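Undergrad: There's a structure below that I have some questions on.
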Amino acid sequence: LQALAARTRPDFKIGAAVALGPLTSDEDYARNLVSNFGSVTAENAMKPQFLSPQQGVYTFEEADAILAIAESKGMAVHGHTIAFTEAMPRWMQELPSGTDAERQSSATALLDYVTTVVTHFKGRLDSLDVVNEPFDVDQGTSFQQNIWYRVFGPGYPAVVSKAVYDADPDVLQFINENGADVPGRRQDALLKLALDTNGLGGHIYGVGLQAHVYDLKTDAISAGDLTDTLNNFENAGLHVRISENDVTDGRGTGAQAKQYATVLATCLRSRACVSYTTWGVDDRYDWLIDDNGRLQQGHDFLFDDGQPTPAYDEMRRA
Ligand code: XIL
């Protein structure tokens, strides 16, 4: 897939979210990854809850192992993620923010985290989600009131962005969000947030559009809507990564394959769209598998038990 995309877009990256377990234990997975993808995102290993289980304590081993494998295969690495409500260690969530003095000491702790992590990875990440899922989970347009918000206020993305820039000025910075893949209020809010952040001195290069399609009946992404979306961001001077695309149903009918190919083809035809990442490699390790080991809905990915799915073939034609 990467080689095909590079024929028309030499700098374009096709990526996948990966976990260290299958990468080191499953030959099919590793082979399918390396022969099709030019970029990886650690599915979990670079999230704050995994990088810093206790304040001042850092566990970089797993992230570093993924980085080393990617580098040995000449793959780019996207960092995911700094400020993310859902993936914070307890110490971070519980930093006090009631008084000025508390906010000041918590600000120091949060910025220490940013500087330590970004300095650790300096020069090795091509791009980074400085903020992930800033807005309310109910598809709203106001900020989740997490510790970053409570300590730094509504300008927190700019604070994080500047701290990231100070530690690594070369990493391309993104704000990543779900539900903003098609035009509408949520997309407007994301676009405005990226511009406002830069207005406050931030260094946002673009936005990540997650493009999770859980139900083709309600969340299918059409070529027209995605083209309009990419134009909206391009007109604002922003770049776009399709950051976590997966399609949870429609394998049997061929609809899944078509949806995958539509998203990739539309992205490839837009100058503003700089990369495409799918949120996994093989259904064996699907993040939507429930506690009983069953897929919650259908089958997600481009490979299933090591074999290409119809979506893979359709993507090759995109
Ligand atoms: C998911 C991982 O895939 C799971 O393994 C983990 O248990 C929860 O997080 N949006 C994001 C990702 O930005 O970080 C999420 O990843 C999927 C939804």
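Undergrad: Springs between alpha-carbon pairs under 10 angstrom, Gaussian network model over the chain: which of L226, L200, L209 fluctuates most?
TA: L200
Undergrad: Using alpha carbons only, how many angstrom separate the centre of segment 167-210 from the centre of segment 222-237?
TA: Distance between centres, Cα-based: 14 Å.
Undergrad: Given R₀ = 35 Å, FRET efficiency for D225-E71 by Cβ-Cβ distance, to 0.05?
TA: The pair D225/E71 has a calculated efficiency of 0.45.
Undergrad: Taking R0 as 30 Å, what's the FRET efficiency between T24 and K122 from their Cβ-Cβ distance, rounded to 0.05?
TA: The computed FRET efficiency comes out at 0.75.
Undergrad: Would you mind telling me the antiparallel percentage of the DSSP bridges in segment 2-317, rounded to 5?
TA: 10
Each value in this text was obtained by applying a stated rule to the coordinates, not by laboratory testing. As the structure is a computational prediction, the values presented were derived from the model and not from experiment. Using ideal geometry, Cβ is built from the backbone for each residue, glycine included, and neighbour counts are taken over all protein chains shown.
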